[in-house]
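Worksheet for the structure shown next.
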Amino acid sequence: MDYMERLQALLADYRADIDRLERSRKPTDGLLGFGKKPGDDACHDKMDERVRALADEMAADPDADGIAPALRLLLNAGTDETWPDHARWMLLAQQRHFLPLIPRLSAGERAELAALYDSLYPRRLRLPVQKQLAKALKR
């Protein structure tokens, strides 16, 4: 299984975890700071760790193929409105794991991903890590 397929599988597993979380939530969870907040569930940390491990493995593999498609998938996932807000925030944060991989992209791949990034994430709404990623793609 290549890196792109593995990331797709991670996203599918995360989606299943999020769906289970959403089904088990009580309407008052997180309301006024009481109960379990969906953003605090362990499934988010588990997904973050898995994406970090995948990105680290790609960084250690000099022949890693599919960095650009995997990053494109992750960028698009962060704007997919079918995810609940708490999951989308985590998908945005996970983009940071691909920062060390950007220098390995070709100039054409970086330009394509920079244009995609600009279309998906308006400059005025970017978080600091998103600003770093956009800057790295434009170098």
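The values are calculated or read from the model by the stated rules, or taken from the named source; none is laboratory data. Only a predicted model underlies this, so the values are computations on that prediction, with no experimental measurement involved. So basically every Cβ, Gly included, is an ideal-geometry build from the backbone, and we count neighbours across all protein chains shown. When the accessible area is computed, the model is the full protein with side chains, heavy atoms only, and any ligands, DNA or RNA have been set aside. Shrake-Rupley method; radii C 1.70, N 1.55, O 1.52, S 1.80 Å.
The numbered conditions (1) over 20 Å from LYS131 (Cα atoms); (2) in contact with a Gly (Cβ under 9 Å, 6 or more places away or on another chain) are all true for LEU91 except (1). Condition test on MET90, is it touching a Phe, Trp or Tyr at 6+ places or on another chain (Cβ under 7 Å) and either open to solvent by 80 Å² or more (accessible area, probe 1.4 Å) or among the hydrophobic types (A, V, I, L, M, F, W, C) (or both)? So MET90 does not fit the description; no.
Does region 23-42 contain at least one residue that is surrounded by fewer than 16 Cβ atoms within 10 Å (Cβ to Cβ) and modelled with pLDDT of 95 or more? Scanning region 23-42, I find no residue that is surrounded by fewer than 16 Cβ atoms within 10 Å (Cβ to Cβ) and modelled with pLDDT of 95 or more, so the answer is no. Among the residues of region 39-74, the ones that are closer than 30 Å to LYS26 by Cβ and without any contact (Cβ under 8 Å) to a residue 12 or more places away in the chain come to 4 in all.
The residues in region 117-126 that are part of a helix (DSSP H, G or I) and buried (at least 17 other Cβ atoms within 10 Å of the Cβ) can be counted, and the count is 1.
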